[in-house]
Amino acid sequence: MTTAGIVLEGISLSVPLYVQPERRARSWIAMLTGAAFDPPRRVQARILDDISFQAGEGDRVAILGRNGAGKSTLLRVLNGVYPPTAGAMRVNGSCQALLNMSLGFSGEATVRENIFLRGTAMRLKAADMRDKIESILEFAGLQEKSSHRLRTLSSGQKMRLGFAISTSVQHDIILMDEWVGSGDSDFMAKATARMQDRMGGSKIVVLASHSVGLLRDICNKGIVLEQGKLVYAGDILPALQHYHGLMSMLRMQDPEGQETSSAGGQLVYGCAEAISFEDGLVLVRGWITSTNGEPPQGLALEVGGERYQSVGLERNKRPDVMRHFGLGDPQCGFIARFEMEGITALSELGEKVRVLGGMSVERPSTPLRVAPAVTTALKGAH
Ligand SMILES: Nc1ncnc2c1ncn2[C@@H]1O[C@H](COP(=O)(O)OP(=O)(O)OP(=O)(O)O)[C@@H](O)[C@H]1O
C-alpha cells in the first residue's frame, strides 16, 4: 500500500501571455492599420513563484488567498494539468481533482457514453466503469436520460452527472476548488453527504476556498498565497490569522477595493446557528465578521428567492467564536429580526432558507454557513 504524500520544493510556473499594446488611434483607418500591423506581444508571466510545502497522511490543507492569488493554479499543478516550469514535486497516491465538473464531457455523446469518456479522463478502466454506470446514473437522478445526448441536459443536470462520476471512486488524495453546488436542495444534501464521506475516506485533502469557517472546520494546515508567492505555510489557525492580516493590509492600501470586494461578497463570513419564530418575527442567531475585522452591517433572509432585510440587528459578545477563529471583533455575535408579512410560524418558511451578510445594509449578498440546528429546525417545523 502506498503512503500518500505531497512534497513541493521551489515550484514555479510561468505561462506565455499575449499582451496587446494599447491602441491610441485617432481615426478608424489608424485603428484598422493598428489592428493589422500591431500584433500582441508575447510575454512570460510567472503565476506561481517558488512554492514549497509538504502534506502527509491525515493532513487537510487549506489554500487561502485573495482572488487571482494562484490557488486554482496550484491545485492544477498538483493534479498534473500544468507541469511546473521550475522546482521539484512528488505526489504519492491516487489523486482525485474536483476542479472542473464538466472535464472530458462531449455534448454530442450520450450520457452513458460520457460516463465512459470521463472515466477515461480519470484513468479508470472501462470494465470498472461498466460496474459503476447504474449507480452513477442513479446518484445523478438521470436513469431516464442515459441515452440522451449530453447537450440536451440542463446545466444543473450536467453538474450532477460530473459530480456523480468524479466522486464515484475513493482516492488517496482529493484536490478541491471552491465547491459551489448548483443543484436543488435534495441533490445538495446527497452531494454534501458524499463529499463528507469521500473526504473522510481520503488520506490527504487539499481545499481552496474563501469560506474561512469551512476551512477552519475541516483543515489542520493552511497555506497563504499572494501574487503567486507563498507567504505562509503551517497550522490552520496561524494561517487564518495571516490571511486576515494580509487582507486588512491590502484593504488599507486600497480602500476603494474594499467596497468592491465586499460587494463581491468575498470578505464577509459567519454562521447562522439558530432560527426561531417569536412575537410575530423570525429571529436568526449566529455570528458574523469580515476579513478585516470590521463588523458587517447588513443581514438578510432569503426565502424561496425573496429577500427580507433585517428590521433589527442586535450585537452580542462571542468570546467562544473569537477564541476559535482568532478574531479581533468581540461583538461578532448577532440576533437579527425579520418581519415577514403573512408568516405566522416557522413551518411556513419552507426549507430553502439562506442567510446573507454584507458590509453595507443595502446589499448583503454573502451566504453565511447554516448550522445543522437551523436545517433541523426548519425541517422539524414541517
Ligand atoms: N493559463 C493561464 N494563462 C495566463 N494566466 C493565467 C492562467 N491561469 C491563471 N492565470 C492567472 O494566474 C493568476 C492566478 O489565477 P488563479 O485562478 O490560480 O487564482 P485564484 O487564487 O484561484 O483566484 P480565485 O480566488 O478568483 O479563484 C490570475 O492572475 C490568472 O489570471
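The values are calculated or read from the model by the stated rules, or taken from the named source; none is laboratory data. None of these values were measured; they are calculated from a predicted model. Don't worry about glycine lacking a Cβ; one is built from the backbone with ideal geometry, like all the others, and counts go over all protein chains shown.
Residues in region 350-370: is at least one assigned to a loop (DSSP other than H, G, I, E, B), polar (S, T, N, Q) and within 22 Å of Ile288 (Cα to Cα)?
Quick first cut of region 350-370, residues assigned to a loop (DSSP other than H, G, I, E, B) only: 350-352, 359-365, 368.
So of that shortlist, the ones also polar (S, T, N, Q) come out as 360, 365.
This time we only want the ones that are within 22 Å of Ile288 (Cα to Cα), so: 360, 365.
Among the residues of region 350-370, at least one is assigned to a loop (DSSP other than H, G, I, E, B), polar (S, T, N, Q) and within 22 Å of Ile288 (Cα to Cα), which makes the answer yes.
Here Arg90 passes the criteria (1) in contact (Cβ under 8 Å) with a residue 12 or more places away in the chain; (2) within 16 Å of the ligand (Cβ to nearest atom) except the one numbered (2). The residues of region 181-211 that are within 25 Å of Lys352 (Cβ to Cβ) and within 13 Å of the ligand (Cβ to nearest atom), listed by number, are Ser209, His210, Ser211.
So is Met340 surrounded by 13 or more Cβ atoms within 10 Å (Cβ to Cβ) and either modelled with pLDDT under 85 or under 26 Å from Ile236 (Cβ atoms) (or both) or not?
On the way: surrounded by 13 or more Cβ atoms within 10 Å (Cβ to Cβ): yes; either modelled with pLDDT under 85 or under 26 Å from Ile236 (Cβ atoms) (or both): no.
It is false that Met340 is surrounded by 13 or more Cβ atoms within 10 Å (Cβ to Cβ) and either modelled with pLDDT under 85 or under 26 Å from Ile236 (Cβ atoms) (or both).
Hey, among Arg66, Arg112, which residue is without any contact (Cβ under 8 Å) to a residue 40 or more places away in the chain and of a type in the set (Lys, Arg)?
Numbers: Arg66 fails: without any contact (Cβ under 8 Å) to a residue 40 or more places away in the chain.
That would be Arg112, the only listed residue that is without any contact (Cβ under 8 Å) to a residue 40 or more places away in the chain and of a type in the set (Lys, Arg).
Exactly one residue among Lys125, Lys145 is surrounded by 12 or more Cβ atoms within 10 Å (Cβ to Cβ) and of a type in the set (D, E, K, R), and that residue is Lys145. If you take the residues of region 59-87 that are within 15 Å of the ligand (Cβ to nearest atom) and touching an Asp or Glu at 6+ places or on another chain (Cβ under 8 Å), which of them is nearest to Tyr243 (Cα to Cα)? Among those that are within 15 Å of the ligand (Cβ to nearest atom) and touching an Asp or Glu at 6+ places or on another chain (Cβ under 8 Å), it is Gly65.
Being within 14 Å of the ligand (Cβ to nearest atom), touching a residue at least 24 places away in the same chain (Cβ under 8 Å), more than 21 Å from the chain's Cα centre (by Cα) and assigned to a loop (DSSP other than H, G, I, E, B), is that true of even one residue in region 47-58? I'd like the intermediate steps shown before the answer.
Step one: filter region 47-58 for residues within 14 Å of the ligand (Cβ to nearest atom), giving 47-49, 51.
From what's left, touching a residue at least 24 places away in the same chain (Cβ under 8 Å): 47-49, 51.
So of that shortlist, the ones also more than 21 Å from the chain's Cα centre (by Cα) come out as 49, 51.
Filter again for assigned to a loop (DSSP other than H, G, I, E, B), leaving none.
Scanning region 47-58, I find no residue that is within 14 Å of the ligand (Cβ to nearest atom), touching a residue at least 24 places away in the same chain (Cβ under 8 Å), more than 21 Å from the chain's Cα centre (by Cα) and assigned to a loop (DSSP other than H, G, I, E, B), so the answer is no.
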